[in-house]
Amino acid sequence: MRFMVLVKASEDSEAGVMPSTEMLAEMGRFNEELVKAGAMLDGDGLKPSRFGARILYDSAGAPTVTDGPFAETKELVAGYWIIDVKDRDEAIAWMRRAPFRNASIEIRPYLAVEDFGEALTPELLAAENELRAQAAAKAPR
């Protein structure tokens, strides 16, 4: 079961303060454990929101772009993992071991095909699977 683990931003991460050498080493060891267990699919840090943009779509679908930075730090993401584990309990168990201090993370499961119900017709599923195959073939290795 795949989960996205969202690392919430802090005042430091939004200010561009980089982790210490010690924290990078601890995180490297934690990531190595995830990889050796076959749980880590991807993960990375994100630059502060001042480098980003938000797009808000109105009810007609018209987009409005707002450049960062964004005021509400507690609503921002500073990094992420994508993990593949047995269930929510295992995801929580892994993330309880993450070497954070004064931090917050959120663990959310991916939607599965069956979650979409009848709206995901066989034709739409086939098209989605084809797009995923094309994207995987182009992904950097």
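Nothing in this text is a laboratory measurement; each read-out follows from the coordinates by a stated rule. All values derive from a computational prediction rather than experimental measurement. Ideal geometry is used to build each Cβ from the backbone, glycine not excepted, and the neighbour counts take in all protein chains shown.
Computed values, structure above
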| item | result |
| --- | --- |
| Tally of Lys pairs whose C-alpha atoms are under 20 Å apart, taken over the chain, 8 or more apart or cross-chain | 4 |
| Exposure proxy ranking, count of Cβ atoms within 10 Å, fewest first, for 80, 110 | 110, 80 |
| Full-extension gain in nm, residue 23 to residue 133, via 0.36 nm per residue minus C-alpha separation | 36.0 nm |
| Fewest-first ranking of 59, 104, 10, using other Cβ atoms within 10 Å as the exposure measure | 59, 104, 10 |
| Relative contact order (%) - the chain, alpha-carbon pairs under 8 angstrom, separation at least six | 39 percent |
| Sorted by Cβ neighbour density within 10 Å, fewest at the top, the residues 77, 65 | 65, 77 |
| Sum of -39500 (n - 2.57) over DSSP H runs of 4+, divided by residues of the chain (222 nm, nearest 500) | -10000 deg cm²/dmol |
| Long-range HN-HN contacts of residue 9 with modeled amide H, under 5 Å | 76, 77, 78 |
